[in-house]
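Right, one structure below, let's go through it.
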Amino acid sequence: MAYAGQRTIFDADSHILELPDFLDAYMAPDKRGLLRRDLFDLRKETLQTAVAHAEERRTDPAKAAQAEQSLMKDKGWSAMGAWDPKERSRALDLLGFDAQLVFSTFGTLLYKLSKDLDVYEGTSAFSRAMTDFCSADPRLLPVANIPLTDPRRATAAATEAIELGCAAIMIPSKPAGDKAPTHPDLDPFWDTLSEAGVPFVLHVGGGGELLDKAFHNNNMPVKDHLGGGENVRSKDYLGIHHSPEIFLGVLVLDGLFDRFPHLRGGCIEQGADWVVSWLHHLDGALRSFKRTEEPLQRLTMKPSEYVKQHLKFTPFPGEPVGWMIREAGAELFMFSSDYPHPEGTTDPLGKFEAELEGVSDGDREKFYAANFVELVGENVIGRVGNGRVATSV
C-alpha cells in the first residue's frame, strides 16, 4: 500500500536537491564558471555519500528495497529521487500522491548570488532545468522562480516558463526593486499569469532574511537541527510569515485582484495558523483607512473575501488545521509534504490527520485535493491524468 493509501492527494510542496552541475547544461559554456558552486563545498562529503548510495540502489535490489522501506525517513540528498528524476517517479509511486509541485532547494542561489551573472539569464536556465527534471512524469509539476525587479524581463521570463510547461511561478515576497508588486509597470507580468491560468506562489526564503541577525547575537548560539534548505531556528520561525502577509496584503489592498480577477496565488511552506488573525487584520485595515485612502474605496469586496477567492496556504504538519478550517474556511488550506526536506517530518499525513478530527469528509477533500486543483487549474490536472501507480511499500 502506498503512503497515501486510497485517498486522492495532491502535494503542494516538494523539492529537488540539486547537484553542483544542475544548471550546467542550460548555461553557455563561457558562463558556467560564474555559477556559485562554493555553496556545495561544505556539503561535499554528504553529496559524495548520497551519490554512492544512489548507485547502490540502482545496482543492488536489496539496497533499493531497503531505501523504499525508509522512504519517509531518509531526507535531503539521501532521499529517493532527491535529484534523480527516474528515481523520483518511483518515490512518487510509493508516496501515492497524484501530483506534486516541485521547487528547487539551492538552484537559484547558484546564479542569484553571482554579481557577474545576469539574473534573468540564470532564471531562464533554471526554468529549463526544472522542466527537464519533471518532463518524464506528468505528476511532477515544475515551479519556475522569477524576480520582479525588471518588469519587462520578468514578463518575458514568465512567458518562457509557461511555454516550457511550468505549473506555477514562484516570486519573491518583497518589493520589486523600488516598486510595489502592484505598480502598473508590473501589470503585464500579472496579466501573463492570469491569462495563462498559471498561479504565482510564494515560498519560505523568498522574502530574504527571516529575522534581523542581531536577534541571534545573544551569546547562546544554536544550530539548525533540521538541516534542510533553509537555516531555520526557533526565532526565525517567529518571522516566517512576516514577508508573505505583508506582500499578499499589499496585493489585496491595492486592488490587484480586481484588475486581474482570474489571478490565483499560493503561500507555500510558511505556515498558515497566522492566516486566521491576518484575515481580521486585513479587514481592520479597510475599516480604519477607507475614509482617507482612495484605493481602498475602489475595492469591491472585503479584503478577507479576496483572500478566500484567490489565495491558498500550506500549513506546517502539526498546526491546528481543523481549528483553522472552522475559523477561516475550508477553501484556504492545502496539504504539503515538503518531500524530501526534513521540515516535512517523517509522517506529515499522520500529523495532519490528527488535527483534522471532526472535520467533514468534504472539507478534508478540499484540503487534500480540491484546493490544489483550484490553485493550479483544471488544465494542469488534466495534463497529470491518471499517473498514480498502486504500490506496496
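FYI, it's all coordinate maths here, none of it is from the lab. Nothing here was measured: the structure is a model prediction, and the numbers come from that model. Please note: Cβ atoms are built from the backbone with ideal geometry, for glycine as well, and neighbour counts cover all protein chains shown.
If packing is taken as the average number of other Cβ atoms within 10 Å across a peptide's residues, how do 237-244, 95-102, 329-336, 36-43 rank, most packed first?
Numbers: 237-244: 18.2, 95-102: 26.1, 329-336: 22.6, 36-43: 12.8.
Put in order of decreasing packing, that is 95-102, 329-336, 237-244, 36-43.
Per DSSP H run of n ≥ 4, the term is -39500 (n - 2.57); total these for the chain, divide by its residue number, and report the mean residue ellipticity at 222 nm rounded to 500 deg cm²/dmol.
On the way: 18 runs with 164 residues, N = 393.
Only helices count here, giving -12000 deg cm²/dmol.
R0 = 41 Å: FRET efficiency of ARG58 with ARG152, Cβ-based, nearest 0.05? Numbers along the way, then the final one.
Values: r = 45 Å, r/R0 = 1.10.
About 0.35, to the nearest 0.05.
Would you work out the Kirkwood radius for segment 24-150? I mean one over the mean of 1/r across all pairs of different Cα atoms, in Å. Walk me through the numbers on the way to the answer.
Working: mean 1/r = 0.0622 Å⁻¹.
About 16.1 Å for segment 24-150.
Relative contact order for the chain: what is it in percent, counting Cα pairs under 8 Å that are at least 6 residues apart?
On the way: 640 pairs, mean separation 84.8, N = 393.
RCO, the chain: 22 percent.
Expressed in nm to one decimal, what extension gain is obtained for the pair SER234 and ASP191 from 0.36 nm per residue of sequence separation less their Cα-Cα distance?
Values: separation 43, 0.36 × 43 = 15.48 nm, distance 3.83 nm.
Length gained, SER234 through ASP191: 11.6 nm.
Please give the charge dipole size of segment 61-164, origin at the Cα centre, charges +1 on K and R Cβ atoms and -1 on D and E Cβ atoms. Round to the nearest 20 debye.
Working: 12 positive and 14 negative charges, 51 e Å.
The calculated dipole for segment 61-164 is roughly 240 debye.
A 30 angstrom limit on the alpha carbon distance is what I want to check against. Which of LYS44/LYS312; LYS115/LYS174; LYS112/LYS290; LYS31/LYS235; LYS179/LYS223 exceed it? Intermediate results must be reported in sequence, preceding the final value.
On the way: LYS44/LYS312 37 Å; LYS115/LYS174 20 Å; LYS112/LYS290 39 Å; LYS31/LYS235 38 Å; LYS179/LYS223 36 Å.
Violating the 30 Å limit, Cα to Cα: LYS44/LYS312; LYS112/LYS290; LYS31/LYS235; LYS179/LYS223.
Work from the charge dipole of segment 10-384 (Cβ charges, +1 for Lys and Arg, -1 for Asp and Glu, about the Cα centre) and give the residue of PHE215, VAL250, LEU356 farthest towards its positive end.
PHE215
Using the C-alpha gyration tensor of the chain, what are the square roots of 5 times its eigenvalues, in whole angstrom, with the largest one first?
Values: eigenvalues 205, 132, 90 Å².
Gyration-tensor ellipsoid for the chain: 32, 26, 21 Å.
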